[in-house]
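Here's the structure, in structure tokens; my notes come after.
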Amino acid sequence: SFSEDELRRIADAGLAQKIEPGLIATMQVETGCRVAEIALLRIEDVHLDEPIPYVDIKEHRDHGRRLKTGKSSERELPLLGVSLEAARIALGLAIGGGRLFPRIAKSNPASTVNRWLVRTLGEGKASHQTRHAMETRLVLARTDQRLIDSILGHRAPGMGSVYFSGYGLADIAAALERIAIP
């Protein structure tokens, strides 16, 4: 997974360059989202004027957007730190069509972001490794595994997941604030 230094370099470059692949990678840093979950966001999915700014990860079947694991991947994630700043920049740059990242949505988002990462970091790491880094950072912050699964949109393993009703936006924000890069 990415080191803290690499995450910082991704965020610094993404915010400075203000281009779609860099902004997507920067939003992944503090959300742990899959690249497509960010790249295919609609403008209406980003809520910056709420008490806790957040992004709504959900399917838009009428727009051809499906999530990897369907309904179990749907979630609200707080936008904090560098991810919040990247979302603000992206909203300011978004052009018609309803997509937050209209240019990259027409390409292969993972390949485009991965090429940007190689140019930025000078090595062959992939955007999916932000998810691995998020899991590691949250575990090291002693975050409950059920909350980690909620943040990452995993199907929680084991019978306990059947009885667990899920975390609220404030719970998720508190967990992510503990690991946010200043």
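Filter region 1-31 for residues that are polar (S, T, N, Q) and in contact with a Leu (Cβ under 8 Å, 6 or more places away or on another chain) and give the result.
Selection gives 26, 31.
Given (1) open to solvent by 30 Å² or more (accessible area, probe 1.4 Å); (2) modelled with pLDDT of 95 or more; (3) closer than 23 Å to residue 179 by Cβ, identify the lone condition not met by residue 18.
(3)
A quick yes/no check of all residues on (1) buried (at least 16 other Cβ atoms within 10 Å of the Cβ); (2) modelled with pLDDT of 95 or more; (3) under 10 Å from the mean Cα position of the chain (by Cα); (4) farther than 23 Å from residue 128 by Cβ:
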{"residue": "22", "(1), (2), (3), (4)": "yes, yes, no, no"}
{"residue": "28", "(1), (2), (3), (4)": "yes, yes, yes, no"}
{"residue": "33", "(1), (2), (3), (4)": "yes, no, yes, no"}
{"residue": "37", "(1), (2), (3), (4)": "yes, no, yes, no"}
{"residue": "42", "(1), (2), (3), (4)": "yes, no, no, no"}
{"residue": "46", "(1), (2), (3), (4)": "yes, yes, no, no"}
{"residue": "59", "(1), (2), (3), (4)": "no, no, no, no"}
{"residue": "98", "(1), (2), (3), (4)": "no, no, no, yes"}
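Can you tell me which residues in region 1-20 are touching a helix residue (DSSP H, G or I) at 6+ places or on another chain (Cβ under 7 Å) and either over 14 Å from residue 129 (Cβ atoms) or in a helix (DSSP H, G or I) (or both)?
Passing the criteria: 6, 7, 9, 10, 11, 13, 14, 15, 18, 20.
Right, residue 107: at pLDDT 90 or above and part of a loop (DSSP other than H, G, I, E, B) or not?
So residue 107 fails the test.
Under 6 Å by Cβ, and 6 or more places apart or on different chains, what pairs join a residue from region 100-113 that is touching a residue at least 40 places away in the same chain (Cβ under 8 Å) with one that is of a type in the set (Lys, Arg)?
105/99
The values are calculated or read from the model by the stated rules, or taken from the named source; none is laboratory data. Worth saying up front: this structure is predicted, and the values here are computed from it rather than measured. Glycine gets a Cβ as well: all are built from the backbone with ideal geometry, and neighbour counts include every protein chain shown. These area figures cover heavy atoms from the full protein model, side chains too; ligands, DNA and RNA do not enter into them. Shrake-Rupley method; radii C 1.70, N 1.55, O 1.52, S 1.80 Å.
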